[in-house]
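Student: Let me begin by handing over the structure; questions about it come next.
The values are calculated or read from the model by the stated rules, or taken from the named source; none is laboratory data. Predicted model, so just to flag it, every value in this text is computed and none were measured. Here the Cβ is made from the backbone with ideal geometry for all residues, glycine too, and neighbour counts use every protein chain on show.
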Amino acid sequence: MKAFARPRDDPSEKNQIEEYLDEVYGGGHTAELTTEGNFVVKRNGDPVVGFKILYMRDQSEDVPASDPNRDQS
């Protein structure tokens, strides 16, 4: 997921979610997407209990561009 990608694949760089959380709630956040598809958010190494990330995406992302049934609107 793009929001969790590290710039230039550098682990020391913050991803989009971490940048947002640090800007709005103060520094020290990490946000990872596990291989099971779960979000793990921590602040200063401590889990942020109950924190949820809601995301929506276009279903057409799952349909190849070459599919004639893909909505082109």
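Student: Could you please give the count of residues in the stretch 11-30 that are β-branched (Val, Ile, Thr) and farther than 11 Å from Asn44 by Cβ?
Tutor: To start, the set of residues in the stretch 11-30 that are β-branched (Val, Ile, Thr) comprises 17, 24, 30.
With the extra rule that they be farther than 11 Å from Asn44 by Cβ, the set shrinks to 17, 24.
Qualifying residue count, the stretch 11-30: 2.
Student: Another one. Cβ-Cβ under 6 Å, sequence separation 6+ or interchain: first residue in the stretch 15-38 and outside any helix (DSSP H, G or I), partner among the aromatic types (Phe, Trp, Tyr) and surrounded by 13 or more Cβ atoms within 10 Å (Cβ to Cβ). Which pairs?
Tutor: Asn15/Phe4; Leu33/Phe4
Student: Among the candidates Pro47, Pro64, Pro7, Pro11, which residue alone is at pLDDT 90 or above and either more than 14 Å from the chain's Cα centre (by Cα) or not acidic (Asp, Glu) (or both)?
Tutor: Answer to the check: Pro47.
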